[in-house]
Amino acid sequence: MSTTRTRPNRQVAHRLALLEAMLRVRRFEERCAELYSAARIRGFMHLYIGEEAVAVGVNEALTEDDAIVSTYREHGHALARDVPAEAIMAEMFGRTTGCSHGRGGSMHLFDASRRFYGGNAVVGGGLPLAAGLALADRMTGRHRITCCFFGDGAFAEGEFHETANLAALWGLPVLLVCENNLYAMGTALARHQAQTDLALRAAGYGMASWAVDGMDVLAVENAARRAAEGIRGGGGPHFLEMRTYRFRAHSMYDSDRYRDKAEIERWKERDPVEGFALRLREAKELSDRARTALEDRLAAELDAAVEAAEQAPEEPVEDLLKYVTSPPEATAP
């Protein structure tokens, strides 16, 4: 087969894979919302619906050796990192087969085998952890990237400014990805930041920085690849401001009275999942039959994940203090 014919086929396959990854996140989140409303999932839960292009696009620029540090809105990041839906769903149910053994729940997904170093319930709390991972790589001579996701609300926290300063000062191989969805919980960006151009603010620390259309998965992927290449080439930390929007409230407990409904509908017109699907359909790269088959496959995947989670065991009471302190052998001289 000729090279000119093979390359377009690969590009089409790649775009279809991006759509599948985003749809997996969307359908997973929708299923979680249903289960939460039915009281089958409990605790706090923050959905990623509307922001799928960011997690999927950024992950395309990373390798298996790179690390990811996330936020409490991390289901999409974990799925994009190939943490199995079954392991994440079991964590939602608090079962021992969950990726955090049922101890973390929605906000604390963790999978060291995939270098996914957790969701973090503290706003901006993952930033210093990311700097530490990147510093360790620098000191041990490992050529890999640490990618840290955080929201616009983190700009009001000292952790961002301390991390950005030290990362630039030490030239750390860290990719800072700000998911600017315009609201820090219920506070609009202009109400908590005097300068709303977050990429401009980050540039003040002497790092490469620019804003990206976070509703376009291809734009996100291209920006993330450019940033990753810069970091791997010795260019130090890079900052990406992903301008995106969450379609759902801050959390399942949030009444969402701080946003104008018309604003939400305007952003939904730029839906990253359905908009991309439409582009593929218009380019004759996605047929109705293929879309239906994809939806059926994802539905079956999620059905299996829910069933496995419901059948998985809960942690016995006698293990309540397990992992709270280090075992004696770990602290022995």
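The values are calculated or read from the model by the stated rules, or taken from the named source; none is laboratory data. None of the values given here were measured: they were computed from a predicted structure. So basically every Cβ, Gly included, is an ideal-geometry build from the backbone, and we count neighbours across all protein chains shown. Ligands, DNA and RNA are excluded from the accessible area calculation, which covers all protein heavy atoms including side chains. Shrake-Rupley method; radii C 1.70, N 1.55, O 1.52, S 1.80 Å.
Tabulated results
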{"read-out": "Amide H within-cut-off set for A184, under 5 Å, with H built and near neighbours excluded", "value": "L189"}
{"read-out": "Peptides 185-192, 25-32 ordered by average Cβ neighbours within 10 Å, highest first", "value": "25-32, 185-192"}
{"read-out": "The chain - share of DSSP beta bridges that are antiparallel (%, nearest 5)", "value": "10"}
{"read-out": "Residues of the chain: accessible area per residue with a 1.4 Å probe, Å²", "value": "48"}
{"read-out": "Directionally averaged projected area (convex hull, Cα atoms, the chain), nm²", "value": "20.2"}
{"read-out": "HN-Hα J in Hz across the stretch 230-244 - Karplus 6.51, -1.76, 1.60, θ = phi - 60°, x for Gly and Pro", "value": "x, 5, 5, x, x, x, x, x, 10, 10, 10, 9, 8, 7, 9"}
{"read-out": "Estimated 222 nm signal from helices in the chain, with DSSP H stretches of n ≥ 4 weighted -39500 (n - 2.57), rounded to 500", "value": "-15000 deg cm²/dmol"}
{"read-out": "Integer Hz, Karplus 6.51/-1.76/1.60 couplings in order for the stretch 195-202, x for Gly and Pro", "value": "10, 8, 7, 5, 5, 5, 5, 5"}
{"read-out": "Selection from G214, F155, A227, by position along the positive dipole direction of the stretch 142-279 (Cβ)", "value": "A227"}
{"read-out": "In order through the stretch 124-137: 3J(HN,Hα) via Karplus (6.51 cos²θ - 1.76 cosθ + 1.60), integer Hz, x for Gly, Pro", "value": "x, x, x, 4, x, 5, 5, 4, x, 4, 5, 5, 4, 5"}
{"read-out": "Percent carbon-and-sulfur accessible area, the stretch 198-262, ignoring ligands, DNA and RNA, probe 1.4 Å", "value": "47"}
{"read-out": "Peptides 73-83, 308-318, 266-276, 43-53 ordered by average Cβ neighbours within 10 Å, highest first", "value": "73-83, 43-53, 266-276, 308-318"}
